[in-house]
Every structure is written in structure tokens, then in C-alpha cells.
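> Take this structure first; my questions come after.
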Amino acid sequence: MLSLDHWNEVAEQGLADPDPWTGPAAFVHGCVEFGQGSLGPIAGAIEVTQEMSAKSRRGDELFAEPVRRAHEAGVLRRDVTAVDISLLIEQLGRSPVVDQLRKQGRDDLLPAATEARRRLIAIALDGLRPGHDPLPGSPPGEELFTGRWSSR
């Protein structure tokens, strides 16, 4: 539940930021730095409680507003959805290089790996800005992000 609480806290901070770009960008940074999305691999394998569902819905509602504002201000690509950003956070939430170096005890290389991770986050965020070719395929629906948590 700590993960859901963190998601909602960072979403509230993004919502409170009046700048239409820094709110969503800070949300991505905050979630990725926390390691958000690390529970994705167990989706559908654990019981989702009513409290978890309520927190998840609240987080979705909180994050939808900064995304809407960014679209209105023209600082977020029109073809990017909140679900796209949520899935991006999940993909960036783990860093194989940082994880590998930690396992190896390579404190000498951890700062460089952490900096490289920050660069990749910046590259990904830049791709959310307008001025790029259209994204392939249809935008992912909410059922892809949240529906996988219920076992069939």
C-alpha cells in the first residue's frame, strides 16, 4: 500500500504545481525515483482489497487533472494519455544497471549509473512534448493498466 500512497502523494504535488509542464514532469520523476511500478509483475497474482482499489482510483483522478492541464496548455503531446505516462513510469521504475551494480557492490559506478538513469528519464520526458511524429497504434486504455490487477 505504500506504493499507492506514494503515487497519490506525488500526484497531489503535481496537481498543486501551477505550471502545466512541471506538475506532470515532477510526477514522473517522483514516481520513477521511488521505484513505482515495481509491483507490476505481480498484477493479477495478489488480492486487491477495496482500500487498494479506492486508493488506485483516487490516484487516477488526481493525475488526470495535470495531464488535462498540460494538454490544454499545449506542453504535452495530444496523443499521450495518463495511461501512457503511467506505463512509462512502470518501465522506468527499475534500472537494470543500477540494480546490477548494487548487487555487485560497485559503489564506484553507482553515481554514473544513477546519472545515466536521470538522463534516460529526461529523454523520455522530452518525448512527451509536442513536435514529434505521431505515436504508433491506439492509446492504451485504462483496462490495460488497471484491469490486469484482477485475476480472471
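The values are calculated or read from the model by the stated rules, or taken from the named source; none is laboratory data. None of the values given here were measured: they were computed from a predicted structure. Here the Cβ positions follow ideal geometry from the backbone for every residue, glycine too, while neighbour counts run over all protein chains shown. Remember, those area values only see protein heavy atoms, side chains included, never the ligands or the DNA or RNA. Shrake-Rupley method; radii C 1.70, N 1.55, O 1.52, S 1.80 Å.
> Here are the criteria: (1) among the small types (G, A, S); (2) within 29 Å of S150 (Cβ to Cβ); (3) open to solvent by 50 Å² or more (accessible area, probe 1.4 Å). Tell me which single one G93 does not satisfy.
Exception for G93: condition (3).
> Hey, among S86, S95, which residue is closer than 30 Å to G137 by Cβ and touching a residue at least 40 places away in the same chain (Cβ under 8 Å)?
Values: S95 fails: touching a residue at least 40 places away in the same chain (Cβ under 8 Å).
Among S86, S95, only S86 is closer than 30 Å to G137 by Cβ and touching a residue at least 40 places away in the same chain (Cβ under 8 Å).
> How many residues are open to solvent by less than 50 Å² (accessible area, probe 1.4 Å) and free of Cβ contacts under 8 Å to residues at least 12 places away in the same chain if we restrict to the range 13-33? Please lay out each step first, then the result.
Here is the first cut: in the range 13-33, the residues open to solvent by less than 50 Å² (accessible area, probe 1.4 Å) are 14, 17, 20-21, 23-25, 27-28, 30-32.
Those still in the list that are free of Cβ contacts under 8 Å to residues at least 12 places away in the same chain too: none.
Residues in the range 13-33 being open to solvent by less than 50 Å² (accessible area, probe 1.4 Å) and free of Cβ contacts under 8 Å to residues at least 12 places away in the same chain: 0 in total.
> Of all residues being charged (D, E, K, R) and outside any helix (DSSP H, G or I) in the range 41-87, which is surrounded by the most Cβ atoms within 10 Å (Cβ to Cβ)? Just the residue, please. Show your work before the answer.
Just the residues of the range 41-87 that are charged (D, E, K, R), to begin with: 47, 51, 55, 57-58, 60-61, 65, 68-69, 72, 77-79, 84.
Next, only the ones that are outside any helix (DSSP H, G or I) stay: 47, 77-79.
Values: E47: 8, R77: 18, R78: 9, D79: 15.
So the residue we want is R77.
Conditions tested, residue by residue: (1) outside any helix (DSSP H, G or I); (2) of a type in the set (K, R).
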{"position": "I89", "(1), (2)": "no, no"}
{"position": "R94", "(1), (2)": "yes, yes"}
{"position": "Q100", "(1), (2)": "no, no"}
{"position": "K103", "(1), (2)": "no, yes"}
{"position": "R106", "(1), (2)": "yes, yes"}
{"position": "A112", "(1), (2)": "no, no"}
{"position": "A116", "(1), (2)": "no, no"}
{"position": "I121", "(1), (2)": "no, no"}
{"position": "A124", "(1), (2)": "no, no"}
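> Next question. Here is a check on your reading of the model: is L135 open to solvent by 90 Å² or more (accessible area, probe 1.4 Å) and either hydrophobic (A, V, I, L, M, F, W, C) or touching a strand residue (DSSP E or B) at 6+ places or on another chain (Cβ under 9 Å) (or both)?
Answer is no for this residue.
> Residues of the range 101-126 being in contact (Cβ under 8 Å) with a residue 12 or more places away in the chain and either within 21 Å of R69 (Cβ to Cβ) or open to solvent by less than 90 Å² (accessible area, probe 1.4 Å) (or both), which ones?
From the range 101-126, those in contact (Cβ under 8 Å) with a residue 12 or more places away in the chain are 101, 110, 113-114, 116-117, 120-121, 124-125; that's our starting set.
L101, L110, A113, T114, A116, R117, I121, A124, L125, listed by residue number.
> State all residues of the range 126-148 that are out of contact with any Gly (no Cβ under 6 Å at 6 or more places or on another chain) and part of a helix (DSSP H, G or I); if no residue qualifies, say none. Walk me through it before giving the result.
Of the range 126-148, the ones out of contact with any Gly (no Cβ under 6 Å at 6 or more places or on another chain) are 126-147.
D126, G127, E142, E143, L144, F145, T146, G147, listed by residue number.
> Identify the single condition in (1) under 21 Å from R119 (Cβ atoms); (2) touching a residue at least 60 places away in the same chain (Cβ under 8 Å); (3) of a type outside the set (V, I, T) that D60 does not satisfy, given that it satisfies every other one.
Of the numbered conditions (1) under 21 Å from R119 (Cβ atoms); (2) touching a residue at least 60 places away in the same chain (Cβ under 8 Å); (3) of a type outside the set (V, I, T), the odd one out for D60 is (1).
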